[in-house]
Amino acid sequence: MNRQPITVVMAAAFLAVPAVVAAQAPEGWTVPRTADGRPDLQGVWASDSATPLERPEALGDRETLTDEEVAALAAHAFDYSAVGGDAVFGETPFRRALAALEAPADGAANAAPAPRRRSTGSYNQFWMSGRWFENRTSLIVDPPNGRRPPRTLEAEERVQRQRAVRSSPLPDNPTLADEIARIDPAIRCRGGGALLSGRGYNSTYQIFQTPDHVGIQIEMYHDTRLIPIGDAAPAVVGPPSAMGSSRARWEGDTLVVETTNLSRGVGGSTAGVHITERFSRVGPDVLQYEYTLDDPATWTRPWTARVFMRPAPGTGVIYEFACHEGNYAMEHALRNERFADAAANP
């Protein structure tokens, strides 16, 4: 495909959003180890990469960007956040910067617009962590094209049914339960899941180790996973849960965690998904985290994403995420719907 080159925008401000050169350990560095000789994965790790999960179509088959392109993306993202307004979540900083910097720059009429945002008075950038830019163009490393494999026919039909339910009108005189069922589960504080896939917002994870267990405290929703290693895994698992049933083993210096028995899907899967996670220290300040989702009911083949985490900035302490404490989101969401109803039926 023809792709216009990224316009390189250099500014000292991009240093506030540092580029990450992942998995390049300094010469002579060795993996730190616990008292029992295993790699020491412990610490408070932050996952703040702005790299998109799937490679943007505009980048074609490019697996990496140049350092100059990374600097340009980071500079644009910094300028975008500096103008104020609503917070920018997930991989949006990367995608917006890429779109702006790939816009034609051959005259004022075609030049990329200056960063600007309208504030809704909701979350602003104060609540967001500084984002990290790196040379990779996707977190997905398998398939090689950097994108999730095609969905199965069964999954496509399932998605269509779900869309039909979401878009169908509410019944006449809906009950409170009818309306709450339509609200995003995140607003309802239903809790998180097993994957460490959050980025940029409450995306901090604390790892603890003993010879026969690893504990992972997840900042978002304040969930905790307690994972047995090797023979410590129970022979009988409990009922399905959002965290599933996990057991771990060491493969060399990599901790491998297998998870099944989930009560709901992750990343678009069904509850029958098989999750494989791999944790490795690849540098003094870098934890490599990989996860593979294998769900034949959703995708035509398994797929794998690779995330690089760094020590959390600041105090390195995970504070309680009390989602329900003072949570006015449900009330406000329903109140907004009533305003929308009144506007539609004056």
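The values are calculated or read from the model by the stated rules, or taken from the named source; none is laboratory data. Remember, predicted model here, so these are calculated numbers, not experimental data. Methodologically, a virtual Cβ is constructed for each residue, glycine included, from the backbone with ideal geometry; neighbour enumeration extends over all protein chains shown. Side chains are part of the model used for accessible areas, which takes the heavy atoms of the whole protein and leaves out ligands, DNA and RNA. Shrake-Rupley method; radii C 1.70, N 1.55, O 1.52, S 1.80 Å.
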### Query
Which condition breaks for residue 25 when tested against (1) of a type in the set (A, V, I, L, M, F, W, C); (2) within 30 Å of residue 211 (Cβ to Cβ); (3) surrounded by 13 or more Cβ atoms within 10 Å (Cβ to Cβ); (4) modelled with pLDDT of 85 or more?
(4)
### Summary
Note on residue 315: of the conditions (1) farther than 30 Å from residue 156 by Cα; (2) modelled with pLDDT of 95 or more, unmet is (2)
### Task
Kindly indicate whether any position in region 231-243 is assigned to a strand (DSSP E or B) and crowded, with 19+ Cβ neighbours inside 10 Å.
no
### Query
Before we move on, is residue 205 open to solvent by 30 Å² or more (accessible area, probe 1.4 Å) and outside any loop (DSSP other than H, G, I, E, B)?
no
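Among the listed residues 108, 100, 50, which satisfies the condition of being surrounded by 13 or more Cβ atoms within 10 Å (Cβ to Cβ) and at pLDDT below 90?
Working: 108 fails: surrounded by 13 or more Cβ atoms within 10 Å (Cβ to Cβ); 50 fails: at pLDDT below 90.
Exactly one residue qualifies, and that residue is 100.
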### Task
Go through region 244-259 and count every residue that is within 18 Å of residue 34 (Cβ to Cβ) and surrounded by fewer than 18 Cβ atoms within 10 Å (Cβ to Cβ).
7
### Task
Could you tell me whether residue 166 is basic (Lys, Arg), modelled with pLDDT under 95 and surrounded by 12 or more Cβ atoms within 10 Å (Cβ to Cβ)?
no
### Task
Take residue 171 and decide whether it is in contact with an Asp or Glu (Cβ under 7 Å, 6 or more places away or on another chain) and either under 20 Å from residue 330 (Cα atoms) or free of Cβ contacts under 8 Å to residues at least 24 places away in the same chain (or both).
yes
#### Entry: Which numbered condition residue 322 misses (of (1) of a type outside the set (Val, Ile, Thr); (2) part of a loop (DSSP other than H, G, I, E, B); (3) touching a Phe, Trp or Tyr at 6+ places or on another chain (Cβ under 9 Å); (4) at negative phi)
(3)
## Note on the structure
In the set 272, 200, 215, 267, the lone residue that is over 19 Å from the mean Cα position of the chain (by Cα) and in a loop (DSSP other than H, G, I, E, B) is 272
### Task
Return the residue satisfying two criteria in turn: it lies in region 61-92 and is touching a helix residue (DSSP H, G or I) at 6+ places or on another chain (Cβ under 6 Å) and open to solvent by less than 20 Å² (accessible area, probe 1.4 Å), and of such residues it is nearest to residue 132 (Cα to Cα).
74
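So, residue 188, is that one open to solvent by 70 Å² or more (accessible area, probe 1.4 Å) and either modelled with pLDDT of 95 or more or in a helix (DSSP H, G or I) (or both) or not?
Details: open to solvent by 70 Å² or more (accessible area, probe 1.4 Å): yes; either modelled with pLDDT of 95 or more or in a helix (DSSP H, G or I) (or both): no.
Taking the combined requirement at face value, the residue does not satisfy it.
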### Message
With the structure loaded, tell me whether residue 294 is surrounded by fewer than 20 Cβ atoms within 10 Å (Cβ to Cβ), more than 21 Å from residue 215 (Cβ to Cβ), touching a strand residue (DSSP E or B) at 6+ places or on another chain (Cβ under 9 Å) and not hydroxyl-bearing (Ser, Thr, Tyr) or whether it fails that test.
### Response
yes
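Could you grab me the full set of residues in region 303-315 that are of a type outside the set (Ser, Thr, Tyr) and either part of a strand (DSSP E or B) or farther than 22 Å from residue 25 by Cα (or both)? Show your work before the answer.
Restricting attention to region 303-315, the residues satisfying the condition of being of a type outside the set (Ser, Thr, Tyr) are 303, 305-314.
Of everything in region 303-315, those that are of a type outside the set (Ser, Thr, Tyr) and either part of a strand (DSSP E or B) or farther than 22 Å from residue 25 by Cα (or both) turn out to be 303, 305, 306, 307, 308, 309, 310, 311, 314.
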### Failed item, numbered, when residue 155 is tested on (1) part of a helix (DSSP H, G or I); (2) open to solvent by 70 Å² or more (accessible area, probe 1.4 Å)
(2)
### Task
Would you please name the residue that is nearest to the chain's Cα centre (by Cα), looking only at residues in region 303-323 that are closer than 25 Å to residue 267 by Cβ and open to solvent by 50 Å² or more (accessible area, probe 1.4 Å)?
306
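If you scan region 218-229, which residues turn out to be part of a strand (DSSP E or B) and open to solvent by less than 50 Å² (accessible area, probe 1.4 Å)? Write out each step before concluding.
From region 218-229, those part of a strand (DSSP E or B) are 218, 223-229; that's our starting set.
The answer is 218, 223, 225, 227, 228, 229.
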### Message
If I go through region 266-285 residue by residue, how many of them are open to solvent by less than 30 Å² (accessible area, probe 1.4 Å) and within 20 Å of residue 226 (Cα to Cα)?
### Response
7
#### Entry: Search result, residues across region 281-302 that are part of a strand (DSSP E or B) and closer than 17 Å to residue 140 by Cα
287, 288, 289, 290, 291, 292, 293, 294, 299
### Query
residue 177 versus (1) closer than 25 Å to residue 54 by Cα; (2) assigned to a helix (DSSP H, G or I); (3) small (Gly, Ala, Ser); (4) out of contact with any strand residue (DSSP E or B) (no Cβ under 9 Å at 6 or more places or on another chain): which is the lone unmet condition?
(1)
